[in-house]
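Below is one structure, written out as structure tokens; comments come after it.
The values are calculated or read from the model by the stated rules, or taken from the named source; none is laboratory data. Quantities reported herein were computed from a predicted structural model and do not represent experimental measurements. Cβ placement follows ideal geometry from the backbone for every residue including glycine, while neighbour counts extend to all protein chains displayed. The protein model used for the area step is the full one, side chains on, heavy atoms only, and it has no ligands, DNA or RNA in it. Shrake-Rupley method; radii C 1.70, N 1.55, O 1.52, S 1.80 Å.
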Amino acid sequence: MTRIARPSKTFSALALAAIAALAASLPAHAAGPVKIGLLSTLSGPGASLGIDIRDGFQLAVKLEGGKLGGVPAEVIVADDQQNPDTARQTADRLIKRDKVDFMTGVVFSNIMLAVGAPTFASKTFYVSANAGPSQYAGEQCNPYFFSASYQNDNLHEAVGKTVQDKGFKKVALLAPNYPAGKDALAGFKRFFKGEVAVEIYTPLNQLDYGAELSKIRAAKADALYFFLPGGLGVNFVKQFVGAGLSKETTLFAPGFSADEDVIKAVGEPMLGLFNSSLWAHDLDNAANKTFVAEFQKAYGRLPTLYAAQGYDAARLIGSAVRDTKGQLGDKAAVRKALEAARFDAVRGPFKFNTNHFPVQNYVLRVVGKDAQGRITNKLMGTVFENHGDAYAAACKMPA
């Protein structure tokens, strides 16, 4: 029988001390990986939106060599099926079983309101790549929620101001009947002071707008403002132009309803459509030029606003991982690092308000043809500079 000699107590103590010293000398980042639950709408009419968020987020990870903030990153992607119950259950699984450090990816605000409860209860940070419900901006603001996108009203406020400044007196309004749709029209009306001829809310996922087009025609409005994301917007614009209404009524939209995915599907009927955004693919800054070039290289298409927000959400998370040296168990330090937002956003200047929603610029775009003959959005100018949201004053952020 072979006998294994046991080290002396003195040797054991010295060995343990040496191991401890070596561990202390290694960078904290070696502890990784950082785990992110990316729960988004990847099927159904809203799938293109979630896919762009996913692709933008994963591109940021890829460009950092599979890391965020210098730490290896594991992105667990899941489909919420645009269903609040499915989303809540999946978020619960990502948090409890997969033990993610951050959550992100939700497109729709009704889904975000469902996902928020299990996320905040577990003290998991949620970094929004799109949904920005007014509830989380005001009285229900939460130390674990950060928006890397906007507050739902903001883009619509920018169009409301544009329509007002262009001298339109009478408008028709159209949006889906869910939290972001109601926020949308509230934001528009905050800055448009003329007459609202008709205000229409449709079921979410409706694809046939014949009845609504009849109401819009009867209203005899000078302009129509509509918010219909993804496939909803594609169908609506085709039907609006097909009904001949583009000859009678000037069309305005937020960036979601006039983005590259909608333009690609609709084509020339989109020409001349004004829309608002916090980002444009022709914004002149180094971070954005890199993002747009790398996105086209990786996916063979122009990025949308959703892709830009997914990319910035990843870079925001990366900044917090970097600034805490990967010590993600220190929730106070992670929160402080997220609040500092030390990263170069593709949209340009970016900082957080006291309610963890952005203070940033909002721009006007118009659909036209670029130098290559592509139908795409072109930057027109800035509508708001350093613009916050209308709900921050109601936020009493918990410590």
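Data table
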{"read-out": "Partner aspartates and glutamates for Lys238 [C-alpha distance under 20 Å; skip if fewer than 8 residues away on the same chain]", "value": "Asp208, Glu212, Asp222, Glu248, Asp259, Glu260, Asp261, Glu268"}
{"read-out": "Counting DSSP beta bridges with both ends in the chain, the antiparallel % (nearest 5)", "value": "35"}
{"read-out": "Cα-based radius of gyration of the chain once divided by 2.2 N^0.38 Å, which approximates compact folds", "value": "1.10"}
{"read-out": "Residue-averaged 222 nm ellipticity for the chain, from DSSP H runs of 4+ at -39500 (n - 2.57), nearest 500", "value": "-12500 deg cm²/dmol"}
{"read-out": "Exposure of Arg335 as accessible area (Å², to 10), given a probe of 1.4 Å and all protein chains", "value": "50"}
{"read-out": "By accessible area with a 1.4 Å probe, ligands and nucleic acids excluded, highest first: order of His387, His356", "value": "His387, His356"}
{"read-out": "Span per principal axis, largest first, for the Cα atoms of the stretch 46-176 (Å)", "value": "54, 32, 27"}
{"read-out": "Dimensionless Rg/Rh of the stretch 182-237 - Kirkwood Rh, Rg from C-alpha atoms", "value": "0.95"}
{"read-out": "Taking N as its residue count, the alpha carbon Rg of the stretch 157-275 over 2.2 N^0.38 Å", "value": "0.94"}
{"read-out": "Prolate/oblate/rounded call for the stretch 283-399, Cα gyration tensor, a/c under 1.5 rounded", "value": "oblate"}
{"read-out": "Solvent-accessible area per residue, Å², over the chain with all protein chains present [probe radius 1.4 Å]", "value": "41"}
{"read-out": "Summed residue charge, Cβ within 15 Å of Lys297's Cβ, Lys/Arg positive, Asp/Glu negative", "value": "+1"}
{"read-out": "Largest-first ellipsoid semi-axes for the stretch 35-79, taking √(5λ) over the Cα gyration tensor eigenvalues, angstrom", "value": "22, 11, 5"}
{"read-out": "Cross-link pairs beyond the 28 Å C-alpha cut-off, checked among Lys62/Lys182; Lys67/Lys96; Lys62/Lys264; Lys166/Lys289; Lys62/Lys99; Lys96/Lys264", "value": "Lys62/Lys182; Lys166/Lys289; Lys96/Lys264"}
{"read-out": "Cβ-Cβ FRET estimate between Thr86 and Gln372, R0 fixed at 51 Å, reported to 0.05", "value": "0.80"}
{"read-out": "Evaluated at q = 0.21 Å⁻¹: base-10 log I(q)/I(0), Debye formula over Cα of the stretch 136-213", "value": "-0.99"}
